Amino acid sequence: MKKYEESRWSGGRFREALAGYGFISGNFLGFLVFTSIPIVISLYLAFTEYHVLTPPKWVGMRNFKEILWCHYEDVPVMEKVKTADGNEFEQIKMKTVTNPDGTTAQAAETVRKLRPNDYNFWHYSYNTVFLMMGIPIGMALSLSMALIMNQKIRGITFWRTIFFLPSVTAGVAVYLLWTWIYNPEQGLLNLFLHHTLGYLGLFPEDHAKWPQWLGSANLAKPSLILMGLWIGAGGYNMILYLAALQGVDPQLYEAAMIDGATSWQKFVHVTWPLISPTTFFIVVMGIIGGFQGGFMQAYVMTEGGPQGSTTTLSYYIFNNAFTWFNMGKAAAIAWFLFLVVFVMTILNWRFGGKKVNY
Amino acid sequence: MTSEADRILAESRRTISLARRTGAVVYGLALTVGVVLVLRAELAEKFDMALLFSTDTRGAVYSLSYSLDKGEHWTRLEEKSPGSGVFALTPPPDYRDPIPVRVSPEIPDSVLDTELASGRLLRPKDAPADEKKARSELKDILLRPVRGIPCPVTFSIDGGLTWRGTAKEAIEQRIYTFTHAPEAGLEILLRARPASSNAVLGVWAAVLILTVPVGLAIAWVVLRLGYFTDGFSIATLVFFTVFGLTMIVPFIWMISTAFKTQQEATLFKIQWLPWPIRWANFADVFRTVQFGRFYINSVFLASYATIGLMFTSSLAAYSFARLDFPGRDKLFLAYLGTMMIPGAVTSIPVFVLMCKIGWVDSYKAIIVPGLFSAYGTFMLRQFFMTLPRDLEDAAKIDGCSLFGIFVRIILPLSKPAIATLTIFTFMGSWGDFMWPLIILNDTKKMPLPVGIQFFAASEYPDPNVLMAATMMMIVPVIIVFILGQRYFVEGIQLGAVKG
């Protein structure tokens, strides 16, 4: 402050401010055109119906209502019917109704049920959260890797290079590779299981019964998580943890040792609290990334299927915006996503931040 | 007394060192022997004589024979009209079996039954009336030595083709007919398996002799690197090995598949060593899509983005870090604030903007938004803040301009940060998928990730060809990573400063 008061508009200060604006102008232009103005526009678009070719039409909260709200719907009641040969099948339950003129007619019996306006949205939100289960598992893996790597061993660069290879190559090529590995009949995974578990009789002999990793709605998400672990376990998080571990003062361990602490106690009472800022950073980044993630792998490996089981919110936004050109709804979902990320991050700072020990 | 202590000390040192050495040798041998055991079955097969038949577009049949001493040998066989349903395969006239082969598996009764029932297998004309005798004769015929091949041979057809008709005459004329019409480019692999022979024994001996020195070499390296210093380290090494193998095996599988023939790639078994090696997979990639073009596009787009982004970001970062101007801190806060906003939020209006100004399906639409990055600015600013101010003050007194200070002092001092950001930007741009996918329709303009996805999704390539493409995309990245490793690791730690 004092600096300003001394020579607020002297020649030097003025020139410096001018240079400051000049140096920043290129970047600022980009910031304006490709970030800040689009943010405002997309907020506006979220309240409109817009299909690119016609001008946007203001629809108020309709987009948000469509994705977040519910409505009542008359759903037909199904009943189980037994046929003469003992089979069962389901059919719509009928009832007799009396018309105003006294005649009777058969009509489907219905029940009033609360249904989400956009079932897919909730399904895809569930998928997104489900896929984020990989984050804690990956963190545990990365931390244990880092703990083991945190020794004075030569040749650590060699191992680090190998562990890091999957995350540095991550992208379409690796997804294509894993699609091939997950191939139900000729892929490496099933063949490997066949050659190992198969000998113990734990893996079906019949090719037709082999797990369809990406082809079944139940297994597709766990498969993607497994691939994510392979990509991420030895990657960025491990290196962050390693750096944090190397920053821990060895004297603290010595003190703990003198106090007779076991290695588990040392980890819980010395290491874990001291690396908590890194853990916190990884959690925050993981949540931010996790909510926005999952597009590329689903697009390349499963096209969102089977039965939408790998479609995430970012994929849904992509489809709404660039496949169906439903820009208004896409913007609404994107803003909803942003709010979720924002709230999660704030909660993290409020509650997780307290647990960070320094 | 002292000598006694020395003796005990030397003794204990020797035993520890002996234990270490034993451990390292066990580790090295376990590794190499493990690899040999995994490859055992395949190695045995690799020394089979393989006959690879392939057809060209006109239905002409070529045969390729491999032998251990002669290398490969191509013969053009008689030309048949395509779609005739039958084609003939003849071993090339000069085909010689270099190994005395004693074969081998008899055709099981169940296979014979089905072949006979389906009529695919014809009985010889002079087959005995007695069913049992006829069968044994049938086997005899199948296994009878054929002219040119001095020993009995069974053919296994991996492509799943059914074979037909082995009348006695046909065998003697060395003609085998197949019920499927040859598609263009169809390749059929026939194998003659040497069950045991001197050559195979020799090769095995070579493999086993190599196993020991390689294992010992690994043990030597491991000892030199200082593993096995205590008990825990052994566990570490084993853990590293297991984990490292998990990381690397998918890549090995990719490379192995990339060199296989289509038959081998789609076998229902794990096969690590491709044989015969098919280099044409790579040529196939370039023939089906403009893969070279994808490469050039990617290099072009990534270079532009990197150079442009480095220029704008470093200037802005310098401005944020060192220059005083009204509104600086508020602006910086705004930059920080936007970093949390999902890309999806901004990509929609930017796409609309690109539509309005007619930039859709152009390079410009990818390059221009990439020229600016809040993250890059932030990272460099944090780094510039850590630089000492003394040099700048001295330069200022000497009358150096602000831009001069930036170019002559700040930039040279922050080489590591700049190298890191350059690598990260380049890699990010190299792997960028969603935005080019949204903007581009023209195949010619696609960068590598979008192009390879297009290739996989629309051309239905065989897995071996697809893996060849994948390999061509991944290997350069691995090379760049290994060369620039230091900067990667530093960059990750630098990026975490904001936490």
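What follows draws every value from the coordinates through simple rules; no lab data is involved. Nothing here was measured: the structure is a model prediction, and the numbers come from that model. FYI the Cβ positions are ideal-geometry reconstructions off the backbone, even for glycines, and counts take in every protein chain you see.
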Inset, instruction - With θ set to phi - 60°, apply the Karplus curve 6.51 cos²θ - 1.76 cosθ + 1.60 along segment A:113-129 and write out the HN-Hα couplings as whole Hz, x wherever there is a Gly or Pro. - result: 10, 7, 10, x, 4, 10, 4, 4, 4, 5, 4, 6, 5, 4, 4, 4, 5
Inset, instruction - Place the peptides B:316-322, A:329-335, A:102-108 in order of packing, highest mean first, counting for every residue the other Cβ atoms within 10 Å and averaging per peptide. - result: A:329-335, B:316-322, A:102-108
Legend entry - Estimated inter-spin distance, residue A:344 and residue B:18, nm [label 7 Å along Cα→Cβ]: 5.9
Inset, instruction - For segment B:336-353, just list the computed ³J(HN,Hα) in residue order, Karplus coefficients 6.51, -1.76 and 1.60, θ = phi - 60°, integers in Hz, with x standing in for Gly and Pro. - result: 4, x, 6, 5, 8, 6, x, x, 4, 4, 7, 5, 5, x, 5, 4, 4, 4
Inset, instruction - Calculate the translational D of segment B:285-498 in whole µm² s⁻¹ from Stokes-Einstein, where the hydrodynamic radius comes from the Kirkwood formula applied to all Cα pairs, the temperature is 20 °C and the viscosity 1.002 mPa s. - result: 111
Legend entry - Point-charge dipole on Cβ atoms (K/R +1, D/E -1) for chain A, about Cα centre, debye to 20: 1240
Inset, instruction - Would you mind checking which residues have amide H under 5 Å from residue A:46's amide H? H placed 1.01 Å from N; only 5 or more apart, or other chain. - result: none
Legend entry - Label-point separation in nm, residue A:120 to residue A:49, each point 7 Å along Cα→Cβ: 1.7
Legend entry - Given charges at beta-carbon only (K, R positive; D, E negative), |dipole| of segment A:70-116 in Debye: 180
Inset, instruction - Could you let me know the centre-to-centre spacing of segment B:444-483 and segment B:249-298, using Cα atoms, in angstrom? - result: 10
Inset, instruction - Would you grab the residues whose amide H sits under 5 Å from the one on residue A:70? Only those 5+ places off in sequence or on another chain, please, with H modelled 1.01 Å from N. - result: A:117
Inset, instruction - Beyond 32 Å between alpha-carbons counts as too far, so tell me which of B:330/B:415; B:260/B:444; A:65/A:95 fall in that bin. - result: A:65/A:95
Legend entry - Selection from A:170, A:148, A:243 lying farthest towards where the dipole of segment A:120-355 points positive, charges on Cβ: A:243
Legend entry - Listed pairs A:329/B:356; A:209/B:269; A:329/B:445 exceeding 18 Å between Cα atoms: A:329/B:356; A:329/B:445
Inset, instruction - State whether chain A is rounded, prolate or oblate according to the following rule on the C-alpha gyration tensor (a ≥ b ≥ c being the square roots of its eigenvalues): a/c under 1.5 gives rounded; otherwise a/b larger than b/c gives prolate, and the remaining case gives oblate. - result: oblate
Inset, instruction - Enter the angle in degrees (range 0 to 90, nearest 10) between the Cα long axis of helix A:11-31 and the first principal axis of the Cα atoms of chain A, meaning the one along which they spread out most. - result: 30
Legend entry - Residue-averaged beta-carbon neighbours from other chains (10 angstrom radius) around A:283-292: 2
Legend entry - Helical mean residue ellipticity (222 nm; -39500 (n - 2.57) per DSSP H run of 4+; nearest 500) of chain A: -16000 deg cm²/dmol
Inset, instruction - Starting with the fewest neighbours, write out B:256, B:401 ranked by other beta-carbon atoms found within 10 Å of each beta-carbon. - result: B:401, B:256
Inset, instruction - Rounded to whole Hz and in sequence order, give me ³J(HN,Hα) for segment A:166-175 from the Karplus expression 6.51 cos²θ - 1.76 cosθ + 1.60, θ = phi - 60°, writing x for Gly and Pro. - result: x, 6, 6, 8, 3, x, 4, 4, 5, 5
